[in-house]
Structures are given as C-alpha cells and as structure tokens.
1. Within segment 126-176, can you find the residues that are of a type in the set (Lys, Arg), away from ligand 2 (no atom under 16 Å from the Cβ) and touching a residue at least 24 places away in the same chain (Cβ under 8 Å)?
2. Would you check which residues across segment 85-108 are in a helix (DSSP H, G or I) and of a type in the set (Gly, Ala, Ser) and list them?
3. Could you tell me which of the residues Ile31, Ile62 is in a loop (DSSP other than H, G, I, E, B), over 22 Å from Arg187 (Cβ atoms), of a type in the set (Val, Ile, Thr) and touching a residue at least 40 places away in the same chain (Cβ under 8 Å)?
4. Scan segment 72-91 and tell me whether some residue there is open to solvent by less than 70 Å² (accessible area, probe 1.4 Å), hydroxyl-bearing (Ser, Thr, Tyr) and outside the structural domain of Gln148 (by TED's automatic domain parsing).
5. Do we find a residue being within 15 Å of the chain's Cα centre (by Cα), open to solvent by 50 Å² or more (accessible area, probe 1.4 Å), within 16 Å of ligand 2 (Cβ to nearest atom) and at pLDDT below 95 anywhere in segment 50-69?
6. Collect the residues in segment 282-324 that are within 19 Å of Glu228 (Cβ to Cβ) and either touching a Lys or Arg at 6+ places or on another chain (Cβ under 9 Å) or open to solvent by 60 Å² or more (accessible area, probe 1.4 Å) (or both), keeping them in residue-number order.
7. Among (1) under 26 Å from Tyr202 (Cα atoms); (2) outside any loop (DSSP other than H, G, I, E, B), there is one condition Gly82 misses while meeting the rest; what is its number?
8. For segment 167-240, list the strands (runs of 3 or more DSSP E) that sit wholly inside it and hold at least 3 residues that are modelled with pLDDT of 95 or more and surrounded by fewer than 19 Cβ atoms within 10 Å (Cβ to Cβ); which are they?
Amino acid sequence: MIETTGLRKSYRKKTSRKSGESPTVDAVRGIDLSVSAGEIYGFLGPNGAGKTTTLRMLATLIRPDGGRAGIAGADLFTDPAGVRRRIGYVAQGGGTTDTVSAREELVLQARMYGAAKARAVQAAEGALKAFDLADFGDRPCATYSGGQRRRVDIALGVIHEPRVLFLDEPTVGLDPASRAYVWEEIRRLRTEGMTVVVTTHYLDEADALCDRVAIVDHGQVVAEGTPEALKREISGDVVLVGLEPGEGVAKRAAEVLRPQPYLHRLEVQGEDGLRLYLEDGAAAIPQLLRALDGAGVTPGTVRLQRPSLDDVFLARTGRSLQQS
Ligand SMILES: Nc1ncnc2c1ncn2[C@@H]1O[C@H](COP(=O)(O)OP(=O)(O)OP(=O)(O)O)[C@@H](O)[C@H]1O
Ligand SMILES: [Mg+2]
C-alpha cells in the first residue's frame, strides 16, 4: 500500500546573518518503507526525529527533496492529486473549529471531498454513530473533552473512505482511558480494511497498537519490524539497579559487574543507575547482589523486566527514548 525508497527532506534554517549560506536541517535522511494493506504501521521516535516530516511528505503536504514513493497505486511525485484522493490525514493537534459542531465539520469535510449535500449529511450521520459521537455531536467542538475531540479528528480524516489514513500523534495529551478508546477506533478502521500509519513517541502505544514499527532517529529508520520481533532481538531479561547515592557509585558498580559471566551488556544510567542485560534475570539477581556487596556498593532498588522497545532504541542509538 505504501512503498518508499530514499525519501528525504532538508529544511533551510532561518538565520539572522545576512551573508553566507543558510545552514540546513536534514530532517529526513533517506527512508525506505514497505507498508502492506490493512496494517497499523507506527513511526516511533523522539522529538525532532522526522516523524511529522515523513508523514507530511507522504500526505503530499510538503514536497520531498528526493527519493521515490507510491501510495495506494499512485506516485507521490507524478500524481500527488491521485495520492490525495486515496488518503486521509489528521495533523498533530487536529483541526476542529471551536464554534462549529462535529456534525457540521463532518458535513463540510464530506462536501469538500465532492459529496452532494444529501450524501454528505448521510455520511456525517454514519460517522457520528461509528465513532460514538452522537451524544455531543451537535454541540460546538469547544465543549468537547480532549478524547472526544480526537475522535472527531479521526472521523474527519476518514469521512471520504480513504485507503490509507495518516495520524500524527493521535493520543498525545490524552488520559489513559481516552487513549484506549482512540486505539479501539484505530483497530476498528483496520478491520474495515484501512491501512493506518501513526506516529508516536509513546513506547507502549507503538507496542500495543502497531502491527509493525519503524523506530526513527535523526531522520533515519534505525530498526524495523513487529514489536515482538524487535524486542526478541534483545534476548533475555533487563535488570534495573538503583544504587544508594555516593561518589562514583555507578562507575564502581559497573567495574565490579562487567566481568560477571552471566552479563550480556551493561549501561550506566545517570549517577546511580545501572541497566543490565542478561539471559536469566531471576537467577542472576542473587549473584549480582553478592558481587555488589563484596565491593561495598549498596543497591537501593532492583527491578526485573522484559525488554521493551526502549531497549531496542537504546541498543541501536545508545540513548534512551524516555530520556531524549
Ligand atoms: N518548517 C521547518 N523549518 C525548519 N526546520 C524544521 C521545520 N519542520 C521541522 N523542522 C526540523 O526538522 C526536524 C524534524 O522535525 P519533525 O517535526 O519531523 O520531527 P518529529 O519527529 O515529528 O518530532 P515531534 O515528536 O516533536 O513531533 C527537527 O529538527 C525540526 O526542528
Ligand atoms: Mg511531530
């Protein structure tokens, strides 16, 4: 449904200097994608990774500097109008108007896509039902909760029944219950055969919602696959050790633990944290406690967890997504 190779985009930075060339930001530095019909495909990455830029290129809103891309059978470069007809796009932050009701927005949107009045009214009615908006759909959008507003945004994005829907950060700022509700709506669209591309910087969202995930950093895909396969790359368990604060404790603990045979990898986190990768965490914890004790280092907390997408990000970039 979506195929891209080498898609890239640089922005020129505004500079106050009058002379000289203006510096550029390489926002997207060659992205290859292959998204199948009926998938929920996620871009996961930190702020500034290039997620929105990629989505806006695919949605024909900005012109790529290079590469190739086809969406639902239309070429992005030679037939952007064809692409536009086949897609829906919901921007980061949405696009509802405070004074207008959801029903009015939906009718207007359907008419903008060429539906006759009666057909547009009918489509709006259908969308109010499908997205569970009927209770409040005749009030102005300003009176909606964040979650309700987000559902209206998504309903607006699919009123013309596109083949592909692009959603930029669909659940940012929502409480857990509203997020779960939006996820359900997205899954429902998948069962109707729609292909959905979402961007997110939430690890749990990428994990729970997406069939496949591209982890992006500095404008490039650093890992790609199903959340399960990505996490399987990080074999074994993760043990997080929080140390009692003290001069150089993390460094000392790292020196003691690095030679331990059961350890795959060790990352120092901040002044007093360690992140250990090992095969069998439960079995290794007593040994690593003994080793720390022998070196006079006191662990305050020890936590065992399964690898997360953050561990994949860390393994590929050397940084934690939660800290960047
Ligand atoms: N119009 C613009 N002019 C100049 N630089 C831009 C412009 N839009 C984006 N950038 C830069 O391009 C890079 C990628 O931005 P982008 O918005 O695609 O990131 P993102 O992954 O969507 O981030 P976020 O998670 O914060 O939404 C950033 O360094 C950003 O500052
Ligand atoms: Mg963005």
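The values are calculated or read from the model by the stated rules, or taken from the named source; none is laboratory data. Only a predicted model underlies this, so the values are computations on that prediction, with no experimental measurement involved. Positions of Cβ are backbone-derived with ideal geometry, glycine not excepted, and every protein chain shown enters the neighbour counts. When the accessible area is computed, the model is the full protein with side chains, heavy atoms only, and any ligands, DNA or RNA have been set aside. Shrake-Rupley method; radii C 1.70, N 1.55, O 1.52, S 1.80 Å.
1. Restricting attention to segment 126-176, the residues satisfying the condition of being of a type in the set (Lys, Arg) are 129, 139, 149-151, 163.
Right, trim to away from ligand 2 (no atom under 16 Å from the Cβ) and you get 129, 139, 149, 151, 163.
Across segment 126-176, the qualifying residues are Arg139, Arg149, Arg151, Arg163.
2. Filtering segment 85-108 down to residues in a helix (DSSP H, G or I) leaves 85-86, 102-108.
Listed by number, the list holds a single entry, Ala102.
3. Details: Ile31 fails: in a loop (DSSP other than H, G, I, E, B).
Just one listed residue meets the conditions, Ile62.
4. No, every residue in segment 72-91 fails to be open to solvent by less than 70 Å² (accessible area, probe 1.4 Å), hydroxyl-bearing (Ser, Thr, Tyr) and outside the structural domain of Gln148 (by TED's automatic domain parsing).
5. Taking segment 50-69 and keeping what is within 15 Å of the chain's Cα centre (by Cα), we get 50-56.
Applying the additional criterion that residues be open to solvent by 50 Å² or more (accessible area, probe 1.4 Å) yields 56.
Then drop every residue that is not within 16 Å of ligand 2 (Cβ to nearest atom), which leaves 56.
Narrowing further to those that are at pLDDT below 95: none.
Within segment 50-69 (the criterion being within 15 Å of the chain's Cα centre (by Cα), open to solvent by 50 Å² or more (accessible area, probe 1.4 Å), within 16 Å of ligand 2 (Cβ to nearest atom) and at pLDDT below 95), the answer is no, since none of the residues qualifies.
6. We begin by selecting, within segment 282-324, every residue within 19 Å of Glu228 (Cβ to Cβ); these are 305-316, 321.
If the condition is that a residue be within 19 Å of Glu228 (Cβ to Cβ) and either touching a Lys or Arg at 6+ places or on another chain (Cβ under 9 Å) or open to solvent by 60 Å² or more (accessible area, probe 1.4 Å) (or both), then Arg306, Pro307, Ser308, Leu309, Asp311, Val312, Phe313, Leu314, Ala315, Arg316 are the ones that fit.
7. Just one mismatch for Gly82, condition (1).
8. On the way: elements: 195-200, 212-217, 220-225.
Correct list: 220-225.
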